[in-house]
């Protein structure tokens, strides 16, 4: 198994084994639940080992993250029959943090990534509920400041 990821969880083609040290405790437990036959939505995770190098802006780590995200989203689109940003069958994802040992409150979960002014119409069509996107876009507008904070580069260290 490649240590670069993405590691797949929840359906056929899933990764052979995930450990908390490699993928974080949440992802490892979801992987275990799926292997036990419990219903787990399809997911992918990038390795925890990319965190430090990415925070240091190492080009190889940043390229690995970009490749992993591209491959993971592509896999989710194939697995679900939905597409990120699509106007008829939008794929919405949650972005979560993970570490080998849980650290509650260290990072906010970003919900409904993939929802935008166009894909919201697909969500209405799928659910038949014109109020649902208002709830989702309200949640999205509350998440934008969190996303901005989470995606901001770390402060420079003196010295």
Checklist outcome for this item: Result of the Cβ filter at 7 Å on the stretch 1-12, keeping first residues that are within 8 Å of residue 44 (Cα to Cα) and partners that are in a strand (DSSP E or B) and at pLDDT 85 or above, at least 6 apart or interchain, is 6/44; 6/45; 7/44; 7/45; 8/44; 9/43; 9/44; 9/45
Checklist entry - Do you know which of the residues in the stretch 60-97 that are assigned to a loop (DSSP other than H, G, I, E, B) and in contact with a strand residue (DSSP E or B) (Cβ under 7 Å, 6 or more places away or on another chain) is surrounded by the fewest Cβ atoms within 10 Å (Cβ to Cβ)? => result 89
Checklist outcome for this item: residue 130 fails exactly one of (1) outside any helix (DSSP H, G or I); (2) surrounded by 14 or more Cβ atoms within 10 Å (Cβ to Cβ); (3) modelled with pLDDT of 65 or more, namely (2)
Checklist entry - Going through the stretch 54-104 one residue at a time, which ones are closer than 16 Å to residue 24 by Cβ and without any contact (Cβ under 8 Å) to a residue 12 or more places away in the chain? => result 54, 103, 104
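The values are calculated or read from the model by the stated rules, or taken from the named source; none is laboratory data. On a predicted model such as this, the values are computed, not experimentally measured, just so you know. For neighbour counting, all protein chains shown are included, and Cβ atoms are generated from backbone atoms with ideal geometry for every residue, glycine included.
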